[in-house]
2 protein chains.
Amino acid sequence: MTPTRLEVGSGEAASTVWLGAGTLESAGSLLVSPSGRYLVFSAPSAGEAAGAVRRALDGRILLDASVDDREAEKTLAGVERLVDAALAAGVRRDDAIVAVGGGVVSDLVGFAAAILLRGVAWNAVPTTTGAMADAAVGGKTGVDHSRGKNLIGAFHAPRAILVDPRALGGLPERDYRAGLVEAFKAAWIDDAALADRAERELPALLSRDEGALLELLTGSVRVKASLVTEDPQEKRGRRRLLNFGHTLGHAFEAAGSYRDLKHGEAVAWGIAAALEVSCDRAGLPLAEAERIRLVLARLGPFPEPVRDPRRLSGYVSLDKKGTSAGLAAVLLEAVGRAKVEVVPPQVWLEAAERARI
Amino acid sequence: MTPTRLEVGSGEAASTVWLGAGTLESAGSLLVSPSGRYLVFSAPSAGEAAGAVRRALDGRILLDASVDDREAEKTLAGVERLVDAALAAGVRRDDAIVAVGGGVVSDLVGFAAAILLRGVAWNAVPTTTGAMADAAVGGKTGVDHSRGKNLIGAFHAPRAILVDPRALGGLPERDYRAGLVEAFKAAWIDDAALADRAERELPALLSRDEGALLELLTGSVRVKASLVTEDPQEKRGRRRLLNFGHTLGHAFEAAGSYRDLKHGEAVAWGIAAALEVSCDRAGLPLAEAERIRLVLARLGPFPEPVRDPRRLSGYVSLDKKGTSAGLAAVLLEAVGRAKVEVVPPQVWLEAAERARI
């Protein structure tokens, strides 16, 4: 099967995304390294996909290292470990890194690539639905800080991203479903037709049908590509729409110590809260909010988040999306249409208490 | 006095350099912050200049912190300390940082700005001749690694750079002279007329004459601006010429544990070695090499570097300027004309033994 090719960003920040079942087999020709040499960092859980990458790059691998893919490893110290390993292996400025794993791996390894020798090329081979739909695409890389998630990082786009449903291998059911939240999110903010189709295909998606999954992933990457290309560094443009559900999502995740909720689950709750605010302030019809909640319910059930405003408020106000003027947040006007509006933190904290799925 | 204004780079990577005696007094209108708020990080040795910045930004300073300006602090852990302080102060994406100090401060603080919230704006107020001529200009930021200098970093250009000879305050004589090496370097690689004038003005320069110093600094920033604008990320273009003297310079510095030689002194020795290689391989006339050595001698004397090839070789081969094809190094063809050539590490190690000032 010929893979679908999508371009994200432009110039220095350009990525090529290849989507298709079996794409991994062609990794040898699709991954990009200026020198032809690769450093492969893979998560322990990415066994099958890492094996395919290894076979495809045979003879061109300078370093083949494992990377801890727990959120607790997403720290500057974790990045330093990767940098140490790459320098010990003799990495050069024109070599390239390959990150094989979920969102933690692409955030962490991508950030190491961003700061190693002031930036070396990298490629992403996502092995979770969340990383395929979102984390690996768009060039955001980074690590967490005790004060909040992704507070340290860089924009550093991977040269190539291989999205192959077969790389999902033994992805646990809970991770599979949580990751789909990010794919649906893209549809809800910018592509009503995609949302309609994916909703109809939900049973096939939940049974991991390759065709249905590829259609949703391709649609969501297409949305992301268009928003990221318009506004690569999220200055003030439409890229911010991709943060739908993330203002509270990050706070829910942090309040649960990045342990109680998967990222996608926290975003699901963040979306549920954003639906409340959107109905109140952006004219989102109640019926459309209900429709989205129904999809979230079928992707769940998700563990209950921390809703106590006293525990959430510190995380909400520290969100990167905050500026000195207030908290720029994403509201939905209708399925397929979103906007950015400055909303007081207090409104979000109240919505966190009301949110339901 | 109206300051001279030079533009370096373009687009996202654009910096405005203001050069003039008394420029610091106008810091309030020349420094740039999207939100109007500033976080000031200053070296203990930058007392006078930091005071001027504080007065100029009165009422707009969110954080006023001291930063350790020893090379040993230029580590990821050192960056993390700055990031912690900025987050604790409540930094927002649209705030700006001001780095007041020498090259260590602009490298370290600039890199913190690069990775904080995936990049906040920053400004440089250099307080050493080295930082004025080189370190603060051009957007290279970063920290050291046990395997070599500046192996971790990012390209993140300051919005504004204020070059005011009055900021040199109590700069020790040895630092003052070492920093001039970088200013002369710019002339030697790209501006023969500037080199001629600066050579004639050497007595005035050594007595810290403001006019002579500003002329040399303005000329060297102009050279740097033109090379950086052509090739902002040092891909394969002429920006590399600025590394003249740095291939061995970094190795000398590392072999002396960043303690025995100042950066500019190590670069002086690196230039002396590059003169040997340039006479052998790039047709540099012996008389021109001698002329440059004479200037270096008058800027010195500099402490003797480590010349043992066994101690230098690891540092030479790990230099960022290395690619998998070899070590791209800068050779001088004549005063004012340089070129990049791949030279085997062995040739550099031999030149290190022969170099003389």
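The values are calculated or read from the model by the stated rules, or taken from the named source; none is laboratory data. Being a predicted model, the structure only gives us computed values, none of them experimental. Methodologically, a virtual Cβ is constructed for each residue, glycine included, from the backbone with ideal geometry; neighbour enumeration extends over all protein chains shown. For accessibility, only protein heavy atoms count, side chains too; no ligands or nucleic acids. Shrake-Rupley method; radii C 1.70, N 1.55, O 1.52, S 1.80 Å.
Per-structure values
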quantity	calculated
FRET efficiency, 1/(1 + (r/R0)^6) with R0 60 Å, evaluated for residue A:61 and residue B:26 via beta carbons	0.65
Copy-to-copy label separations for residue A:309, where each label sits 7 Å from Cα toward Cβ, in nm and ascending	7.3
Global geometry of the stretch A:54-105, whether rounded, prolate or oblate, following the gyration tensor of its Cα atoms and the 1.5 cut on a/c	oblate
Alpha-carbon centroids, the stretch A:228-289 and the stretch A:14-70: separation in whole Å	31 Å
Within chain A, percent of DSSP bridges classed antiparallel, to nearest 5	45 percent
Helix A:103-115 vs. chain A, principal-axis angle (Cα, 0 to 90°, nearest 10)	60 degrees
Average beta-carbon neighbours from other chains, 10 Å sphere, peptide A:118-129	2
Using alpha-carbon coordinates, inclination of helix A:173-190 to the longest axis of chain A, degrees	70 degrees
10 Å Cβ neighbours from other chains, averaged over peptide A:54-67	0
Per-peptide average of other Cβ atoms within 10 Å, ordering B:284-295, B:254-265 highest first	B:254-265, B:284-295
Entries in A:185/B:140; A:149/B:224; A:140/A:262 that, when Cα-Cα distance is taken, lie over 28 Å	A:185/B:140; A:149/B:224
Scaled radius of gyration (Cα, divided by 2.2 N^0.38 Å) that chain A gives	0.93
Simple spin-label estimate for residue A:341 and residue A:259 in nanometres, 7 Å along Cα-Cβ	3.8 nm
Angle between chain B longest axis and helix B:210-230 axis [Cα atoms, degrees, rounded to 10]	80 degrees
Overall form of the stretch B:1-120 per C-alpha gyration tensor (a/c, 1.5; a/b vs b/c)	rounded
Accessible surface ranking that places the most exposed of B:2, B:75, B:218 first, with a 1.4 angstrom probe	B:2, B:75, B:218
Contact order normalised by residue count of the stretch B:180-281, Cα under 8 Å, 6+ apart, percent	25 percent
Cα centroid of the stretch A:80-138 to Cα centroid of the stretch B:151-223, whole Å	38 Å
At 7 Å out from Cα toward Cβ: residue B:341 inter-copy label distances (nm, ascending)	6.7
Chain B - percent relative contact order, Cα under 8 Å, separation 6 or more	16 percent
Copies compared at residue A:61 - label distances in nm, ascending, label defined 7 Å from Cα in the Cβ direction	5.4
Residue A:209-residue A:7 FRET efficiency (beta carbon distance; Förster radius 25 Å; 0.05 resolution)	0.40
Lys, Arg +1 and Asp, Glu -1 on Cβ, resulting dipole of the protein assembly as shown about Cα centre, debye, nearest 20	220 debye
Peptide-level mean, for B:32-44, of C-beta atoms on other protein chains within 10 Å	1
Residue B:117 accessible area, 1.4 Å probe, all protein chains in place, Å² to nearest 10	10 Å²
Over the protein assembly as shown, volume per residue of the alpha carbon convex hull, in Å³	133 Å³
³J(HN,Hα) computed for each position of the stretch B:52-64 - Karplus, 6.51 cos²θ - 1.76 cosθ + 1.60, integer Hz, glycine/proline x	5, 5, 4, 5, 5, 9, 3, x, 10, 9, 7, 8, 10
